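The values are calculated or read from the model by the stated rules, or taken from the named source; none is laboratory data. What you see is a predicted model; the values in this text were computed from it and never measured. Reconstructed Cβ throughout: ideal geometry from the backbone, glycine too, with neighbour counts over all protein chains shown.
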Amino acid sequence: MRLLLLIGISALLVAQESPNIASNASNAPVYTADGKLVFPANYREWIYLTTGIDMDYNPDLAMMDHSMFDNVFVNQEAYKAFVATGTWPDKTVLVLETRMAASKGSINKKGHYQTAEIMTRSIHIKDEARFPGKWAFFGFGGDNSAKQIPTSAPCYSCHQEHGAVDTTFVQFYPTLLEIAKKKGTLAAGYMKEEAANTKK
């Protein structure tokens, strides 16, 4: 009788834990046989980090004739690790979702709101065993899988030179920026830029 009871308790514990195991596994990056990254369908269940509107890091580019919102999400495991350490662990996946902005609709009379139209989707991923520089970028558009953006693209050097933490733009993630400051993980290049900006 005791053996049966122990078996029953063990089975119950396994049943209770298995959904969490499946959930964690679903957030790990998935690649196709030819090396493409599969876009995570459940990214909007991840941790929301920030939203920007009409942001652009190149002053020479002309503004489009419409406004856009940039929403950033990160997988839960990476977020928890950042909160604890102030930096990103291996297998971090940051999703950038760009949505069309609108100003006329429903009862809105001023300002902008996000629409259902997704303009672009991209991923910044840390996979130390897979990428020589640890981090890589992928642009998806309307596809569910994508090839890595070549490392010669300006996004790599821009993030390397200006990212606040581990080549990522934590300076635009308000809650994480404060954590990085307390943990002492801000990049030297970013701190130098900030010091220069305060003198202007």
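Tabulated values for the structure
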| item | result |
| --- | --- |
| Some residue of the stretch 94-111 being part of a strand (DSSP E or B), touching a helix residue (DSSP H, G or I) at 6+ places or on another chain (Cβ under 7 Å) and in contact (Cβ under 8 Å) with a residue 12 or more places away in the chain | yes |
| Which listed residue, of Glu45, Glu97, Glu117, is crowded, with 18+ Cβ neighbours inside 10 Å and either closer than 28 Å to Ser157 by Cβ or charged (D, E, K, R) (or both) | Glu97 |
| Residue list for the stretch 56-68, restricted to those being closer than 20 Å to His159 by Cα and either surrounded by 12 or more Cβ atoms within 10 Å (Cβ to Cβ) or at pLDDT 85 or above (or both) | Asp56 |
| Complete set of residues in the stretch 26-40 that are part of a loop (DSSP other than H, G, I, E, B), small (Gly, Ala, Ser) and at pLDDT below 95 | Ala28 |
| Tally of residues being of a type outside the set (A, V, I, L, M, F, W, C), within 19 Å of Asn27 (Cα to Cα) and modelled with pLDDT of 90 or more across the stretch 94-146 | 12 |
| Unique residue being basic (Lys, Arg) and touching a helix residue (DSSP H, G or I) at 6+ places or on another chain (Cβ under 9 Å) when the list is Lys183, Lys200 | Lys183 |
| Selection status of Ile125, β-branched (Val, Ile, Thr) and in contact with a Lys or Arg (Cβ under 9 Å, 6 or more places away or on another chain) | yes |
| Pairs where the first residue, in the stretch 177-196, is part of a helix (DSSP H, G or I) and the second is among the hydroxyl-bearing types (Ser, Thr, Tyr), C-beta under 7 Å, 6+ apart | Lys183/Thr85 |
| Residues located in the stretch 160-176, provided they are of a type outside the set (Phe, Trp, Tyr), at negative phi and buried (at least 18 other Cβ atoms within 10 Å of the Cβ) | Gly163, Ala164, Val165, Thr168, Val170, Gln171, Leu176 |
| Single condition Ile179 does not satisfy, out of (1) β-branched (Val, Ile, Thr); (2) farther than 19 Å from Arg44 by Cβ; (3) in contact with a Lys or Arg (Cβ under 9 Å, 6 or more places away or on another chain) | (3) |
